[in-house]
There are 2 protein chains.
Amino acid sequence: MIKRRKTRTVSAGKVKIGSKHPVVIQSMVKLATTDIAACVKQINALSAAGAQLVRIAIPTRQDSIAFAKIVKKVKIPLIADIHFSPERAVEAIEGGAAKIRLNPGNIKSEDDINRIIDCAKAHKIAIRIGINEASIRNLFHDTPQRKRTPLMIREMAGYIRLFEKRGFNDIVLSVKSSDVARTLESNIAIAEKFDYPIHLGLTHAGLAEDAIVPASVAIGTLLWQGIGDTIRISIAGDPVQEVEIAKKILASIGLYKSREPQLIVCPTCGRCRWDLIGFARQVKKLLKEVKNPLRVAVMGCVVNGPGEAADADIAVCAAADKGFIYKKGKKIATVKQSQLFAALKKEIEKYEK
Amino acid sequence: MIKRRKTRTVSAGKVKIGSKHPVVIQSMVKLATTDIAACVKQINALSAAGAQLVRIAIPTRQDSIAFAKIVKKVKIPLIADIHFSPERAVEAIEGGAAKIRLNPGNIKSEDDINRIIDCAKAHKIAIRIGINEASIRNLFHDTPQRKRTPLMIREMAGYIRLFEKRGFNDIVLSVKSSDVARTLESNIAIAEKFDYPIHLGLTHAGLAEDAIVPASVAIGTLLWQGIGDTIRISIAGDPVQEVEIAKKILASIGLYKSREPQLIVCPTCGRCRWDLIGFARQVKKLLKEVKNPLRVAVMGCVVNGPGEAADADIAVCAAADKGFIYKKGKKIATVKQSQLFAALKKEIEKYEK
């Protein structure tokens, strides 16, 4: 359905980023890099949750040393974020980074950039040019927010030119903002202008309850247009949640095949005369134990019940007193309402075998 | 930024639906319609949360009677969902519905449809033609899911023809599916084909934690393309939450001006050496009391801190020991880390006055 925009392929260690490959999920370590054991644990948790790349901050020389040790202890490629320091960039590359992130707002001298490019080239690693609206604040002066996109793109184009001049093309681009509209506009603009893979994210989106909706809107809208080759959901909270939301966004538009069971639930209305939502919560708990992508539908009445049942592996639908169980759309049992959960449970267990 | 697709304007009581008007938020009552007092309470809660239209199910004659009483007790226009029964449609219209929803999968006889149209015309109310993939299951036979969109559109076109033949144009269209890709495809198709306002929704999206991401992706993507004149977020849970999520989706792309304070929070990384997330949670609590759209940023370090501060009314940014407070981008105080919260609280209180 989605036609990915054609891009070059860029490698970050064993992970390929670009339109010929599935969209790569990434996240970031949120601990002091010098706490090696804790960082390794968090990286492993992120990898187990589905992250294929993990970024980590290298603010000091001590962090560079710790980073080189962490690289050796984990199985997935790491990305170093070096913020202001060309020294940290070189140290991170020599320490085993598969990719580094450069923020044009923070590293500006052409000599510094060239030094980093040469080091990245020698080590065959990738570089993300990651513009952040907040980091290039000085460019905007009094430019109103809605007119900043062209300035961000100009900054990106100028930076890319330095890389191309040096024959370095293993670059991934990102333009982030905490504003959804500007994130959309600026990513659409760079997608038209360049053929490098794009890293998508909405920056500083906030606490989970505030971040999930705008991140889903921004990243979902771009992916649907074929834009985006790697994504990172920023949440002020546990990074594992970032990976879970990333998977949900990708799965919603068919860019990720979830191995988890799926629960379809009707939102209920005045036609529904039983505690469907309580029932669905119980089913959800049951499904936590299921290890395959079973699709279960819990429907409140006959309006859409049989229709959703037809697209589900197992479905239930109930009237005031009776409940019906469907398997691949075929009604296989009619039971008392009070026995519906037990009957469904049995069917799910059967399916598991 | 968003160019709404041009549509006719359709009125549901005092509420106007169409591209000349802001996108209308709606939700649905989830209680037995015969429980008049509880329904009135829920409708008022939905209205207070921001819903401008509320739908309610009318499965039986008793529900029609209750509906007519509810209409008189609430201040916002109500939409009646009559599912299978032309009698309920007529009763609901006569009972004061501002709009009714007809599901082409459930009301098929041309005589029945004409009777409903004539009644709607006499009472000057609107009709939503609401196709639901699950309700027209019988049309698909063995058509694989990804090929169903043209069948849904054909069904819609046939139904619309009956209305146009009778000179009735006060219609709103919807095509819902529990699948995001099909929701996108089919809404894009009807948006190209017709100039009636479109009601957007993702049906049977599930429990809140499962529904929010796909609903945001589907509805956000369509709205960004200018498609959608009224939206309903389906969540198997409290309908007030449906309205809150609808507002968040609209606000994220500038289609709704939230009056609530906004909290920008950096997701933190290894550079952040203080409990920023705990701090942000405390600020969030504080902001619950704030009654204006104050924009507060809580940032972990100097990488993006000053930049986000520039776009915020009040911002804080901290290093290991010191914290900085910004007002409209200007640093106004440097305090000890331990005093940062108290200092921020004071600034927020000042702003409130």
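The values are calculated or read from the model by the stated rules, or taken from the named source; none is laboratory data. What you see is a predicted model, and the numbers here were worked out from it, not measured in a lab. Ideal geometry is used to build each Cβ from the backbone, glycine not excepted, and the neighbour counts take in all protein chains shown. With ligands, DNA and RNA removed, areas are computed over all heavy atoms of the protein, side chains included. Shrake-Rupley method; radii C 1.70, N 1.55, O 1.52, S 1.80 Å.
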- [ ] Give the residues of the range B:99-114 that are part of a helix (DSSP H, G or I) and open to solvent by 10 Å² or more (accessible area, probe 1.4 Å), sorted by residue number.
- [x] B:Glu110, B:Asp111, B:Asp112, B:Asn114
Task: Checklist (1) buried (at least 23 other Cβ atoms within 10 Å of the Cβ); (2) within 14 Å of chain B (Cβ to nearest Cβ); (3) part of a helix (DSSP H, G or I) applied to A:Leu286, failing item - done: (1)
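Look at A:Ala236 and say whether it is open to solvent by 10 Å² or more (accessible area, probe 1.4 Å) and modelled with pLDDT of 95 or more.
Details: open to solvent by 10 Å² or more (accessible area, probe 1.4 Å): no; modelled with pLDDT of 95 or more: yes.
Against the criterion (open to solvent by 10 Å² or more (accessible area, probe 1.4 Å) and modelled with pLDDT of 95 or more), A:Ala236 does not qualify.
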Task: Residue tally, condition in contact with a Leu (Cβ under 7 Å, 6 or more places away or on another chain) and surrounded by fewer than 22 Cβ atoms within 10 Å (Cβ to Cβ), over the range B:148-206 - done: 3
Open item on the list: Quick check on my filter: what residues within the range A:317-339 are under 21 Å from B:Ala236 (Cβ atoms), open to solvent by 20 Å² or more (accessible area, probe 1.4 Å) and either among the aliphatic types (A, V, I, L, M) or not assigned by TED's automatic domain parsing to the domain that holds A:Cys269 (or both)?
Closed with: A:Ala319, A:Ala320
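One line per residue, one yes/no per condition, for (1) among the aromatic types (Phe, Trp, Tyr); (2) assigned to a strand (DSSP E or B); (3) under 19 Å from B:Ile136 (Cβ atoms); (4) touching a helix residue (DSSP H, G or I) at 6+ places or on another chain (Cβ under 8 Å):
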| residue | (1), (2), (3), (4) |
| --- | --- |
| B:Ile160 | no, no, yes, no |
| B:Glu192 | no, no, no, no |
| B:Thr203 | no, no, yes, yes |
| B:Val213 | no, no, no, yes |
| B:Gly220 | no, no, no, yes |
| B:Ala236 | no, no, no, yes |
Task: Top-ranked residue of the range A:42-68 - restricted to ones that are open to solvent by 50 Å² or more (accessible area, probe 1.4 Å) and within 14 Å of another protein chain (Cβ to nearest Cβ), ranked as nearest to A:Ala12 (Cα to Cα) - done: A:Ile65
Task: In the range A:240-262, residue farthest from B:Phe279 (Cα to Cα) [restricted to those that are touching a residue at least 60 places away in the same chain (Cβ under 8 Å), crowded, with 19+ Cβ neighbours inside 10 Å and facing chain B (nearest Cβ under 8 Å)] - done: A:Ile253
Open item on the list: Condition first: more than 28 Å from the chain's Cα centre (by Cα), within 29 Å of B:Ala38 (Cα to Cα) and not assigned by TED's automatic domain parsing to the domain that holds A:Val23. Can you find one or more residues in the range A:284-294 that meet it?
Closed with: no
Open item on the list: Is it the case, given these coordinates, that A:Ile314 is in contact with a Phe, Trp or Tyr (Cβ under 7 Å, 6 or more places away or on another chain), aliphatic (A, V, I, L, M), touching a residue at least 12 places away in the same chain (Cβ under 8 Å) and buried (at least 16 other Cβ atoms within 10 Å of the Cβ)?
Closed with: yes
TODO: Of all residues in the range B:310-321, count the ones that are in a loop (DSSP other than H, G, I, E, B) and facing chain A (nearest Cβ under 10 Å).
DONE: 2
Open item on the list: Cβ-Cβ under 9 Å, sequence separation 6+ or interchain: first residue in the range B:151-162 and small (Gly, Ala, Ser), partner open to solvent by 30 Å² or more (accessible area, probe 1.4 Å). Which pairs?
Closed with: B:Ala157/B:Lys193; B:Ala157/B:Phe194
TODO: Check A:Val180 against each of (1) among the hydrophobic types (A, V, I, L, M, F, W, C); (2) more than 8 Å from every other protein chain (Cβ to nearest Cβ); (3) without any contact (Cβ under 8 Å) to a residue 60 or more places away in the chain and name the one condition it does not meet.
DONE: (2)
Open item on the list: Go through (1) open to solvent by 10 Å² or more (accessible area, probe 1.4 Å); (2) over 23 Å from the mean Cα position of the chain (by Cα) for A:Lys75 and report which single condition fails.
Closed with: (2)
Open item on the list: Out of everything in the range B:292-309 that is surrounded by 20 or more Cβ atoms within 10 Å (Cβ to Cβ) and part of a strand (DSSP E or B), what residue ends up being farthest from the other protein chains (Cβ to nearest Cβ)?
Closed with: B:Val296
- [ ] State the number of residues belonging to the range A:8-18 that are over 16 Å from the mean Cα position of the chain (by Cα) and open to solvent by 20 Å² or more (accessible area, probe 1.4 Å).
- [x] 5
- [ ] Report the residue count in the range B:1-36 for those that are within 14 Å of chain A (Cβ to nearest Cβ) and closer than 23 Å to B:Glu94 by Cα.
- [x] 11
TODO: Report, by residue number, each residue of the range A:115-147 that is open to solvent by 60 Å² or more (accessible area, probe 1.4 Å), at pLDDT 95 or above, in a helix (DSSP H, G or I) and not acidic (Asp, Glu).
DONE: A:Arg115, A:Lys121, A:Ala122
